[in-house]
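Heads up: the structure comes next, in structure tokens.
Read-outs: derived from the displayed coordinates by stated rules, not from any lab. Everything quoted here is computed from the prediction, not taken from an experiment. Neighbour counts run over all protein chains shown; Cβ positions are idealised from the backbone, glycine included.
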């Protein structure tokens, strides 16, 4: 009988998306095929402490698993503990850390040093996809259509009330407007995202975004449909069919995603076959352009002005909550939730073996 692989499930983290990660991890833990994996849930607190959340496995065994996992338990030092697990047999890590200090290449670098397979994009792909400004620059270089945008550093804003700031605000609305969205460059789950309709609201939105990151993106507000596709694989990725998000409010914000439940998620949207193929082709191109691996959710707009699909964002660690589009799209394609986890770990192990063959030690 094949030995079970030890699967370290990383969750929590220090970003503003900590709560989303804890909820995602709960559902992944419940879905893991435990005949194939021995699971070690490891939570990272908001303060950066690492803890072995063994009580979560006990709660699963007793049928009393909570709605979210808590990063609590004995301290867990990643490098020595991963070395200990590796000495006992095959190991893999599944990072479910959304946002900075988890999805941005930092934890991926640690896992490279630990020399263990891990699910998802590597250091470069993670850092590129996490930074929306860098992503857009890479996609532009590959000729992938996007909404009009401008990347800004907080230093570009100038001082409040200055002529330079007033001129910048007016120029942004002239070039991108009349309505725009402002986003922190290195965050997800629509945290810190605001819509601006004039210079006053644009200034407020930029100040709000700068509280989360020193880099920001200002984009034209596209009128149209929001389409998402799930990508799975490595050098030759598979792309799911499309899903559509119909926000409950003006746009698909954090509350709409995780609190209110008012958004409508459609896993079989009304799109003609040619448009679907175009979405899938662009999603595969974006996946490889940004050096993704394992999984990514690629988000698009389909504008009403006839421009065709516009790529919005690349998410290397998409949500795994019950309402999350990524696992739903693969289930629609016939791949079960446990089967998706199996496949992601297999891809991680295959990639790790291939890369190690190319590493001089």
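Computed values, structure above
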quantity: Packing rank of 293-301, 317-325, where each peptide gets the mean count of other beta carbons within 10 Å, highest leading; calculated: 293-301, 317-325
quantity: Full-stretch length increase - residue 140, residue 46 - with 0.36 nm per residue and alpha-carbon distance subtracted; calculated: 30.3 nm
quantity: Selected from 129, 283, 16 as most flexible by GNM, with the chain as the system and alpha-carbon contacts under 10 Å; calculated: 16
quantity: Folded to 0 to 90 degrees: helix 337-357 orientation relative to the chain principal axis, Cα; calculated: 90
quantity: Among (1) 20.6, 72; (2) 21.8, 80; (3) 19.6, 62, the entry that matches Rg and Dmax of the Cα atoms in Å as calculated here; calculated: (1)
quantity: Cα-based shape type of region 149-220, given that a ≥ b ≥ c are square roots of the gyration tensor eigenvalues and the cut on a/c is 1.5; calculated: oblate
quantity: Among beta bridges that DSSP assigns inside region 1-50, antiparallel share in %, nearest 5; calculated: 10
quantity: Expected 222 nm ellipticity per residue - DSSP helices of 4 or more, -39500 (n - 2.57), all of the chain, to 500; calculated: -11500 deg cm²/dmol
quantity: Fully extended contour minus Cα-Cα distance, from residue 175 to residue 305, at 0.36 nm per residue; calculated: 45.1 nm
quantity: DSSP beta bridge pairing in the chain, given as percent antiparallel to the nearest 5; calculated: 75
quantity: Rounded, prolate or oblate (a/c below 1.5 giving rounded, otherwise prolate when a/b exceeds b/c) for region 282-361 by Cα gyration tensor; calculated: oblate
quantity: Whether region 42-115 is rounded, prolate or oblate, judged on the alpha carbon gyration tensor where a/c under 1.5 counts as rounded; calculated: oblate
quantity: The chain: most fluctuating residue of 32, 182, 119 per GNM, C-alpha cutoff 10 Å; calculated: 32
quantity: Mean-position separation - Cα centroids, region 103-127 and region 331-345, in angstrom; calculated: 22
quantity: Residue with peak Gaussian network fluctuation, the chain [Cα springs, cutoff 10 Å], from 232, 79, 139; calculated: 79
quantity: Helix axis angle, 199-210 relative to the chain longest principal axis, alpha carbon, degrees; calculated: 20
quantity: Cα→Cβ-extended label distance, 7 Å offset, between residue 208 and residue 167, nm; calculated: 2.8
